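Enquirer: Provided herewith is a single structure, encoded as structure tokens, for subsequent inquiry.
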Amino acid sequence: MALINDGIPTKEDLAKVMPSEERFAQGPVSIAECFQKIPCNPCVKACPRGAISMSTDINDTPTVDYDKCNGCGVCIAKCPGLAIFVVDKTYSEDFALVKFPFEYVPVPEKGQFACGLNRSGEEMGWFEVERVVSGGKKNKTYTISLKVPQELANEIRNIKVGGYK
Ligand code: SF4
Ligand code: SF4
């Protein structure tokens, strides 16, 4: 299947936006899994380091400069397409942190375990919520940090709503 049919990026789509393992080894980094040409660009203004750019065509897809990005995560809640993630493979030897946008209720709390989902919505196991950050008074998008095994850092991109334990 292709992105246009089911909304799920292919391996080829992901390869175009995935940082190198060398970059992952340097610390947290943003990944814009934004593949559809739509008139949208708040991510560009959201980044305080100017790490996200786009051509003059607002329908273009964004590019992250992995050298400028420090993985702060500010851009995650500013993307209306919920397409930006931050992955930190330097979190520990066994675990990576995956930070992703979340707009549902209930919102999990730090320390709870949530069922992690891959891009297809498949359940991948239960993982600890390391941090929950509100988007602010005018932004209902939270940023969740989930502690996942290193081998799932490029797979898990969401959690199942509710049933946290
Ligand atoms: S994580 Fe921070 S530095 Fe990186 S692109 Fe997003 S806002 Fe910019
Ligand atoms: S804000 Fe999100 S959906 Fe819009 S262009 Fe940027 S990454 Fe894509």
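The values are calculated or read from the model by the stated rules, or taken from the named source; none is laboratory data. Please read these numbers as outputs of a predicted model, since none were measured by experiment. For neighbour counting, all protein chains shown are included, and Cβ atoms are generated from backbone atoms with ideal geometry for every residue, glycine included. Accessible surface areas use protein heavy atoms only, side chains included; no ligands, DNA or RNA. Shrake-Rupley method; radii C 1.70, N 1.55, O 1.52, S 1.80 Å.
Enquirer: Within region 50-81, which residues are open to solvent by 60 Å² or more (accessible area, probe 1.4 Å), farther than 18 Å from residue 16 by Cβ and modelled with pLDDT of 95 or more?
Expert: Across region 50-81, the qualifying residues are 68, 70, 72, 74, 78, 80.
Enquirer: So which residues in region 98-155 are assigned to a loop (DSSP other than H, G, I, E, B) and over 18 Å from residue 84 (Cα atoms), if there are any at all? Even if it seems obvious, please write down each step before you answer.
Expert: If we filter region 98-155 for residues that are assigned to a loop (DSSP other than H, G, I, E, B), which is where we start, we get 103-112, 119-122, 134-141, 153-155.
Passing the criteria: 105, 106, 107, 108, 109, 110, 111, 112, 122, 137, 138.
Enquirer: Right, here's the next one. Can you confirm whether region 73-80 contains a residue that is touching a residue at least 24 places away in the same chain (Cβ under 8 Å), under 18 Å from residue 146 (Cβ atoms) and not in a loop (DSSP other than H, G, I, E, B)?
Expert: Yes: one or more hits.
Enquirer: Let me ask something additional. Read through the list (1) within 9 Å of ligand 2 (Cβ to nearest atom); (2) assigned to a helix (DSSP H, G or I); (3) closer than 17 Å to residue 156 by Cα, then give the number of the only condition that residue 34 fails.
Expert: That leaves (2) as the condition not met.
Enquirer: Under the condition of being among the hydrophobic types (A, V, I, L, M, F, W, C) and within 13 Å of residue 123 (Cβ to Cβ), which residue from region 149-165 is most open to solvent (accessible area, probe 1.4 Å)? First the steps, then the outcome.
Expert: Of the residues in region 149-165, the ones among the hydrophobic types (A, V, I, L, M, F, W, C) are 152-153, 156, 159, 161.
Narrowing the set further to residues that are within 13 Å of residue 123 (Cβ to Cβ) leaves 152, 156, 159, 161.
Details: 152: 32, 156: 0, 159: 5, 161: 66 Å².
Selected residue: 161.
Enquirer: Same structure again: Would you mind finding the one in 67, 57 that is assigned to a loop (DSSP other than H, G, I, E, B), of a type in the set (Asp, Glu) and closer than 19 Å to residue 15 by Cα?
Expert: Details: 57 fails: closer than 19 Å to residue 15 by Cα.
The unique qualifying residue is 67.
Enquirer: Can you report the number of residues in region 54-88 which are within 22 Å of residue 24 (Cβ to Cβ) and among the polar types (S, T, N, Q)?
Expert: 3
Enquirer: Let me ask another. Within region 50-68, how many residues turn out to be of a type outside the set (Gly, Ala, Ser), in contact with a helix residue (DSSP H, G or I) (Cβ under 9 Å, 6 or more places away or on another chain) and within 14 Å of ligand 2 (Cβ to nearest atom)?
Expert: Going residue by residue through region 50-68, those that are of a type outside the set (Gly, Ala, Ser) are 52, 54, 56-68.
Then keep just the ones that are in contact with a helix residue (DSSP H, G or I) (Cβ under 9 Å, 6 or more places away or on another chain); that gives 52, 54, 61-64, 66-67.
Within this subset, residues satisfying the condition of being within 14 Å of ligand 2 (Cβ to nearest atom) are 52, 54, 61-64.
So the count comes out to 6.
Enquirer: Among the numbered criteria (1) open to solvent by 40 Å² or more (accessible area, probe 1.4 Å); (2) in contact with a Gly (Cβ under 7 Å, 6 or more places away or on another chain), which single criterion is violated by residue 125?
Expert: The single condition residue 125 does not satisfy is (1).
Enquirer: Next question. Could you check how many residues of region 37-49 are part of a loop (DSSP other than H, G, I, E, B), more than 8 Å from ligand 2 (Cβ to nearest atom) and surrounded by fewer than 17 Cβ atoms within 10 Å (Cβ to Cβ)? Walk me through it before giving the result.
Expert: We begin by selecting, within region 37-49, every residue part of a loop (DSSP other than H, G, I, E, B); these are 37-41, 47-49.
Narrowing the set further to residues that are more than 8 Å from ligand 2 (Cβ to nearest atom) leaves 37, 39, 47-49.
This time we only want the ones that are surrounded by fewer than 17 Cβ atoms within 10 Å (Cβ to Cβ), so: 37, 39, 48-49.
Going through region 37-49 one residue at a time, the tally reaches 4.
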